[in-house]
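Enquirer: Got a structure for you, written out below as structure tokens; questions coming shortly.
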Amino acid sequence: MRLDDLVGFFETLTPQSLARFPEFYAADAWFKDPFNEVHGVDAIRRIFEHMFRQVENPRFVVTERLAQADRAMLVWEFHFVRQGTPQLIRGASHLHFDVAGRVAVHRDYWDAAEELYMTLPIVGWLMRRLRRALSAR
């Protein structure tokens, strides 16, 4: 599998295209992000099904990619709408590919505190206050 194909899959992801996960992920693939840690392509697909239920107009844009042998890093932006407000999360995915070229390991890195919690009314206020108290001046 080519990295370009995987990037294209994520950048055009729809509820209907989720059925294509087995084309790109090994049956026993491992996935971890700040909220989930699962094994198996079906469990990974369910995370993205949940994403489509939770937010409106989710869309990934890969802004940078680095690849070497059986590993890759994708830097991305996740655009979506929550409660009528456009949102943006920036992050990166560290990928390992199996001998067939499918994703065997997918680890997402993004700052849930800054990118998500800070946008929530009460929690965001507390997080901003904590950040001010702990920041170097």
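Enquirer: Taking the stretch 29-75, which residues are assigned to a strand (DSSP E or B), touching a residue at least 60 places away in the same chain (Cβ under 8 Å), within 13 Å of Val105 (Cα to Cα) and out of contact with any Asp or Glu (no Cβ under 9 Å at 6 or more places or on another chain)?
Expert: Matches in the stretch 29-75: Ala72 only.
Enquirer: I've got another one for you. Is it the case, given these coordinates, that Ala104 is at pLDDT 95 or above and either more than 13 Å from the chain's Cα centre (by Cα) or part of a loop (DSSP other than H, G, I, E, B) (or both)?
Expert: yes
Enquirer: Among the residues in the stretch 4-26, are any of a type in the set (A, V, I, L, M, F, W, C), part of a loop (DSSP other than H, G, I, E, B) and surrounded by 13 or more Cβ atoms within 10 Å (Cβ to Cβ)?
Expert: Within the stretch 4-26, one or more residues are of a type in the set (A, V, I, L, M, F, W, C), part of a loop (DSSP other than H, G, I, E, B) and surrounded by 13 or more Cβ atoms within 10 Å (Cβ to Cβ).
Enquirer: Further question on the same structure: Looking at the stretch 7-18, I want the residues that are without any contact (Cβ under 8 Å) to a residue 60 or more places away in the chain and have a partner that is basic (Lys, Arg) with Cβ atoms under 7 Å, at least 6 apart or on another chain. Which pairs are those?
Expert: Every condition considered, the pairs that remain are Phe9/Arg20; Leu18/Arg45.
Enquirer: Sticking with this one: Scan the stretch 1-44 residue by residue and report those that are more than 23 Å from Ala69 (Cβ to Cβ), touching a strand residue (DSSP E or B) at 6+ places or on another chain (Cβ under 8 Å) and modelled with pLDDT of 95 or more.
Expert: Scanning the stretch 1-44 gives Glu11, Leu13, Glu37, Val38, His39, Gly40, Ala43.
Enquirer: Let me ask something else about it. Can you tell me which condition Leu88 does not meet? The list is (1) modelled with pLDDT under 95; (2) buried (at least 16 other Cβ atoms within 10 Å of the Cβ); (3) not acidic (Asp, Glu), and all the others hold.
Expert: Only one criterion in (1) modelled with pLDDT under 95; (2) buried (at least 16 other Cβ atoms within 10 Å of the Cβ); (3) not acidic (Asp, Glu) is unmet by Leu88, namely (2).
The values are calculated or read from the model by the stated rules, or taken from the named source; none is laboratory data. Being a predicted model, the structure only gives us computed values, none of them experimental. Methodologically, a virtual Cβ is constructed for each residue, glycine included, from the backbone with ideal geometry; neighbour enumeration extends over all protein chains shown.
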